[in-house]
1. Go ahead and set up a Gaussian network model of chain B, Cα springs under 10 Å, then flag whichever of B:Gly92, B:Gly158, B:Gly244 fluctuates most.
2. So for chain B, what percent of the C-alpha to C-alpha distances run longer than 24 Å?
3. Round to the nearest 10 and give me the degree value, 0 to 90, for the angle of helix B:235-246's Cα axis relative to the longest principal axis of chain B.
4. Mind checking the alpha-carbon convex hull of the range A:216-278 and giving the volume per residue in Å³?
5. Could you calculate the FRET efficiency of A:Ala235 with A:Arg274 from 1/(1 + (r/R0)^6), where r is the beta carbon distance between them and R0 is 22 Å, rounded to 0.05?
6. What chymotrypsin sites (Phe, Trp or Tyr not before Pro) in the range B:139-215 are in a loop by DSSP, with at most 13 other Cβ atoms within 10 Å of the Cβ?
7. Given axes a ≥ b ≥ c from the Cα gyration tensor, I'd like to know whether the protein assembly as shown is rounded (a/c under 1.5), prolate (a/b larger than b/c) or oblate.
8. Do the sum for the protein assembly as shown: with -39,500 (n - 2.57) for every DSSP H run of n ≥ 4, divided by all residues, what is the mean residue ellipticity at 222 nm, to the nearest 500 deg cm²/dmol?
Amino acid sequence: MRFGRREILKELSIALGGRTVGLLGPNGAGKSTLIQTLLGFCPVASGTARIFGHDIRRELNKIRPLVGYMPENDSFIANMSAVSFVRMMGELSGLPAGVALERAHEVLFYVGLGEARYRQLGTYSLGMKQLAKLAQALVHGPRLLILDEPTNGLDPAARQRMVRLIREMKDAGEMHILLCSHLLRDVEDTCEEVLILKQGRIVHYSNLEEERRANKHFVEIETAGDDAGLAEELAGLGCSCKATGAGRFRMVLPDGFELREIYRVAARRDLQLRRLSHRRDTLEDIFLKAMEEAHGSL
Amino acid sequence: MAVYKRTYKTYSGPRTVPWSRFLILTRYSYSRLFQSKFIVLFLSACLFYPVGCLGFIYFSHNQELLALLSLGSAKFPAVDGRFFYTFCKIQGTLAYLLVALVGPGLISPDLANGAFPLYFSRPFSRTEYVAGKMALLVFLLSLITWVPGLVLYSVQGGLEGWDWTRDNLWLGGAIFFGLLLWIVILSLIALACSAWVKWKIAAGALVLAIFFAGAGFGAAVNNVLRTQYGGLISLNKIIYTIWGGLFRYDLGAELSLGQAWFVLALTCAICVWLLAKRIRPIEVIK
């Protein structure tokens, strides 16, 4: 993807199949451009992409009815009530007028704007406008929902509400969600997979669900006392164990291993077990590591 | 009050045919437009002249009534090319004022509020968007231009008889084609102004300026350079020249028909180019 002579997206090659995919990256990484390219807003210089098997270069008309898009910036029609706006957007997506009206009411209640649905959009607060944008993206029942910075400018309560809604939609299992954000917390709270971009390239892909599962197998312990031979004994139980010094050990536990075995071994050896913790790589750790790996520094 | 369950469900029912979706924009724009009492009043006022013409045609053919009013020997102007040319000039001017009122509010609010990504992320193209907005102006202006024009032609034909209708069939075509051409030009100019000027009032002023300033500048060029080519930048003169040709009415025009058609085609092309440049799902800032 190019803007003039400048290459914005390059060497992107990935298949995403998760229910909720987070698109992360620093400002200017190409997240929004990637979304706009998938929607056919920006022409592709070379290569292609497929959404539900449809080519974005040739089959946009088949893709667009399947996609709901919530843009990052203010996007609305000021002198229209929310219900008319959402209804019109539904009709433009191909819903018959009656169905669009019914679904507009439903979806506005769903996002929490039921009581304010007859108010003019121009009078809405920023948080309400974000919800109205979400409603218009949902009205036609898309299979893929693309959310570009959905929590931008929201106060903590409104952010919580938006994140809860995204999580509910994910749990309902009726659509895939592509969430673009630079707020790691939002992505961590809602997404199963994460794609990290930097300067238009993919620098990291991570399946957060697998990562979370894998983290449960990593344990760190800290002991006080004579720990000679502890590593070998734990290895004998099937753990991969490494002493890191000062009574600290890192272990990878086998499937089905019970933590009480570690306590038993420590008790038998008369060792004090001062700390036992699972490793927990936060998304922030993953993100920072990906940024460092990409260019050696932030 | 209806109570809706707080739930989300996908939609798998029937969908409307894609070709008709541009009319959705027209429908919504209409409903918003007629919320303005001023527009409704203005639209009604635009029909006064056609109603007057209708009365004139009726009276000029009603000998009994004329005799009753002692006007039996009065000489009425003929209902011919010149009559309909005058009709086009008056209704065309009103159409222009209506476009200056309605046109600027069509695209500029979408532009100001960044609504384009919402339209174009759906199965809805830029051409359909422009067609939807333009259809509003075409329907609205048709109501006060060629539709009453053809009604007058039909009434005249009905009162004069089949021979007159057959001999003057070209008049019906000239009314329809001449006014439709004017509607298309006005609509394209109004939409182009609306697409490039975010502020509605400024866009309206620009529409007015294009015609008034064009006419004024054209006259100034003619006077200063002692030429007739100044008429090429006056859209009024251009359309009058074309109407004169269509209604077979010699205006002693400064411009040739070929020149007028060329400028009109060029104006249309420029407006389409301006619309294509501006109406995009995303704004690329260089």
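1. For chain B, modelled as a Gaussian network with Cα springs under 10 Å, the answer is B:Gly158.
2. Values: 24347 of 40755 pairs.
Value for chain B (Cα pairs over 24 Å): 60 percent.
3. The angle comes out at about 50 degrees.
4. Here the figure is 69 Å³ per residue.
5. Working: r = 21 Å, r/R0 = 0.96.
The pair A:Ala235/A:Arg274 has a calculated efficiency of 0.55.
6. Working: sites: B:Phe139, B:Trp146, B:Tyr153, B:Trp162, B:Trp164, B:Trp170, B:Phe176, B:Phe177, B:Trp182, B:Trp196, B:Trp199, B:Phe211, B:Phe212; in loops: B:Trp199.
Those satisfying the criteria are B:Trp199.
7. Values: a/c = 4.01, a/b = 2.83, b/c = 1.42.
Since a/c reaches 1.5 and a/b is larger than b/c, the shape of the protein assembly as shown is classed as prolate.
8. -17000 deg cm²/dmol
The numbers here are math on the coordinates, done by the rules we state, and not lab data. Note that the coordinates shown come from a computational prediction; the quantities given were computed from them, not determined experimentally. No Cβ is skipped: glycine too gets one built from the backbone with ideal geometry, and neighbour counts run over all protein chains shown.
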